[in-house]
1. Please check: in the Gaussian network model of chain B (C-alpha springs, under 10 Å), which one of B:123, B:338, B:52 has the largest mean-square fluctuation.
2. Note the per residue figure in Å³ for the convex hull of the C-alpha positions in region A:3-101.
3. May I ask you to give the percent of accessible area on region A:3-101 that is carbon plus sulfur, with a probe radius of 1.4 Å?
4. Run the numbers on region B:330-407 and let me know its relative contact order in percent, using alpha-carbon pairs under 8 Å that are six or more apart.
5. Using alpha carbon centroids, what distance separates region B:204-255 and region B:323-339, in Å?
6. Return the Cα extents of region B:330-407 along principal axes one, two and three, sorted largest first, each rounded to a whole Å.
7. Over all residues in B:60-69, what is the mean tally of Cβ atoms on other chains that come within 10 Å of each residue's Cβ?
8. Using a Gaussian network model of chain A whose springs link C-alpha atoms within less than 10 Å, name the residue from A:97, A:41, A:21 with the highest mean-square fluctuation.
Amino acid sequence: MPRVTYIDIAGNEKTLDIPVGTSVMQAAVLNGVDGIVAECGGSCMCATCHVYVRDDQLAMTPPMAEDEDAMLEGTASPRRPNSRLSCQLVVSPEMDGLVVYTPETQT
Amino acid sequence: MPGERVVIVGASHAGFQVAASLRQHGFDGTITLLGDEPVLPYQRPPLSKDYLDGKIGLDLLLMRPEAFYRDHRIDFRPGIRVAAIDRAARRVQLATGGHLAYDHLVLATGARNRVPPLPGIELDGICYLRTLAETEALQLRLTVARNIVVIGAGFIGLEFAAVARAHGKHVRIVELVDRVMARVVSVPTSQFFAAAHRAAGVEFTFGAAAQRIAGHAGRVDHVELADGERLAADLVLVSVGVVPNSELASAAGLDVANGIVVDAELRTADPAISAIGDCASFPCVHAEGRPMRLEAVQNATDHARCVADRLVGKPHPYNALPWFWSEQGPRRLQIAGLTAGHDQYVLRGDMESGQFSVFCYKDGRLLGVESINRPADHAIARRILSAGREVTPDEAADAGFDLRTAAARPA
Ligand SMILES: Cc1cc2nc3c(=O)[nH]c(=O)nc-3n(C[C@H](O)[C@H](O)[C@H](O)COP(=O)(O)OP(=O)(O)OC[C@H]3O[C@@H](n4cnc5c(N)ncnc54)[C@H](O)[C@@H]3O)c2cc1C
Ligand code: FES
């Protein structure tokens, strides 16, 4: 299973083995990663599952759809070039080793 | 404060979020979360969407797995109904017997289905869609149903209709007024969604009242309208809105008027009791301070955060912008602000293409924006409305005008 590491603003790390097809958001919620709120349950409607992907790993992640790009305009913490909505990051074998940083606040 | 006891009645979006936010802010007292449903807190929106359709299972419907409650010292108790509040003694009485003392009580009791007083409403085959239990019963029926009648063309009726059509069922929606989602959205949005559902094969009867439901051997057979028309049905979804669960509050002598009445900080007249979410009627700054009772996840969770802030010593008036979403088949509706009561609207984008927004104004001021498959408009509208900025009707209608300019304007 691909492994994804979550690092929060205080530097706490958690690494999860995530089944292919599960989103980075879903895995976080199911495994008690607190920095992801996911108020809309993964419908790309709320922007409370915001993460920053490690700068050199953007190419590992799936391309961004128009919806996600639009909703990233409404994140509570600043949008950066490496911002993604984790509900749209569906884990694939290519994402093994991915590191995401949870932002200071989601709401 | 150490040792302080918070008791939360109702364990859904609002109740769960109070508990989670309290711990997030380092609240060190005890948190008891009481819910009368027999399951861990779960999300309602997928019930009429992905969960109904079997696209996600119970694990992803739950707000958080069981370990979350243990790890965060949240004493969640399923299947427990609070029967009464004893304000003088600051304790709640449980329906199963026994009491629980509180220093602060949060009422997050939500709302329940409105059951219209129709003859035949108790027949087998009459369904509702609010709880997990109701959804599971409905799922079983849906697999074998052939003719479905939906009473009420609100969000839930329409979302259900989209799923039922996708399963090839015959679906007719009966609606009292002349358009869909009339209570909440503008005419163009209603028209667009009605046309989209029709194109998918849903039939509508507008301006019609169901008068009785008739059955054979206890099972539903047809719905009879006021004009005598009979609509064959082996499944009837009743989706005619909800009633706030405010009886606990009124029995305890608290004010109730379309929900439990609270002040700008979401407190009832008893400072030890707050009310939040679908059950609360609060003065809404985005509706000129009028009392509002909203039914939305955003409202439930932002209310919860406001109360949690107060309980950890950072009180502030509630002023979050209301927003809402609905998914009906492939179509996504997002609403920023409250558009009801507008006297003018302009369209941005192109209705024919299925991607447009309706900017709703009253006395020339922007009330809210309904976006259909235009998430960028929605995200920017939220920023504009939250910050109290304006977009003129001319600007909104001008495809060449960049909405971000309006969001960035000085106050
Ligand atoms: C099918 C469906 C789809 C929806 N889709 C969307 C959507 O797409 N977007 C959106 O924004 N909103 C949606 N909503 C609305 C949203 O789910 C509600 O606004 C939200 O659930 C309100 O949360 P709440 O905690 O205030 O109340 P509720 O969810 O009503 O929960 C209240 C809980 O308290 C319990 N309770 C009541 N009285 C007592 C008592 N005395 N003792 C113990 N427990 C008690 C109830 O049984 C219930 O479990 C949808 C709702 C439904 C039903
Ligand atoms: S969970 Fe809501 S946008 Fe990702």
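1. B:123
2. 91 Å³
3. Ligands and nucleic acids excluded, carbon and sulfur reach 50 percent.
4. Contact order relative to length: 31 percent.
5. Region B:204-255 and region B:323-339 have Cα centres separated by 25 Å.
6. 32, 26, 20
7. Going residue by residue through B:60-69 and averaging, the value is 3.
8. Comparing A:97, A:41, A:21 in the GNM, the peak value goes to A:21.
The values are calculated or read from the model by the stated rules, or taken from the named source; none is laboratory data. This one's a predicted model, so the numbers in the text were calculated from it and none came from an experiment. Note that we place each Cβ from the backbone using ideal geometry, even for glycine, and neighbour counts take in every protein chain shown. Heavy atoms of the whole protein, side chains included, go into the accessibility calculation; ligands, DNA and RNA do not. Shrake-Rupley method; radii C 1.70, N 1.55, O 1.52, S 1.80 Å.
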